Amino acid sequence: MAANFKELDANTTLSDQMAIEAGPVVLINLFTVAPEDEEALVKAWAHDADFMKSQPGYISTQLHKGLAGSSTFMNYAVWESAASFRAAFANPEFQSRIAQYPSNAVAAPRLFTKLAVANHCVA
């Protein structure tokens, strides 16, 4: 068992994003999995979350599930910086935990930063 990774953006990779010095950052990670493996995915994610919340720079996380029988999940995690996420992601212990995901699970992680949009959002 192991999660398969998919890039969401043809113009930049997660590795490119982790190399940027930015913060705070939000990780959005979309997971798809066969319906019969949903429980295994949630268990593997919780195991990862236990590790991540002990890492420097971690702020918070929340897992969401698609409605109406969807087998799509979304993790929303806040980190102090791309560097703190990079250190946690590259940690050998975390890398070994990825093997605990169902083999049909696909993870599509991206890092984001807030934008200021007049009359709507503050950075």
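For SER71, work out the one condition from (1) closer than 25 Å to GLN17 by Cα; (2) surrounded by 14 or more Cβ atoms within 10 Å (Cβ to Cβ) it doesn't fulfil. The one condition SER71 does not meet is (1). If you check SER54 against the conditions, is it among the polar types (S, T, N, Q), outside any strand (DSSP E or B) and modelled with pLDDT under 85? So SER54 does not fit the description; no. Among the conditions (1) basic (Lys, Arg); (2) in a helix (DSSP H, G or I); (3) more than 15 Å from SER54 (Cα to Cα), the only one that LYS114 does not satisfy is (2).
What are the residues in segment 8-40 that are surrounded by fewer than 17 Cβ atoms within 10 Å (Cβ to Cβ) and in contact with a helix residue (DSSP H, G or I) (Cβ under 7 Å, 6 or more places away or on another chain), if any? Scanning segment 8-40 gives ILE20, GLU21, ALA22, GLY23. Scanning segment 74-108 for residues that are charged (D, E, K, R), surrounded by fewer than 16 Cβ atoms within 10 Å (Cβ to Cβ) and touching a helix residue (DSSP H, G or I) at 6+ places or on another chain (Cβ under 9 Å) returns a single hit, GLU93. Against the conditions (1) loosely packed, with under 14 Cβ neighbours inside 10 Å; (2) closer than 15 Å to TYR76 by Cα, MET52 satisfies every one except (1).
The values are calculated or read from the model by the stated rules, or taken from the named source; none is laboratory data. If you're wondering where the values come from, they're calculated on a predicted model, not measured in any experiment. As a convention, Cβ positions derive from the backbone with ideal geometry for all residues, glycine included, and neighbour counts pool all protein chains shown.
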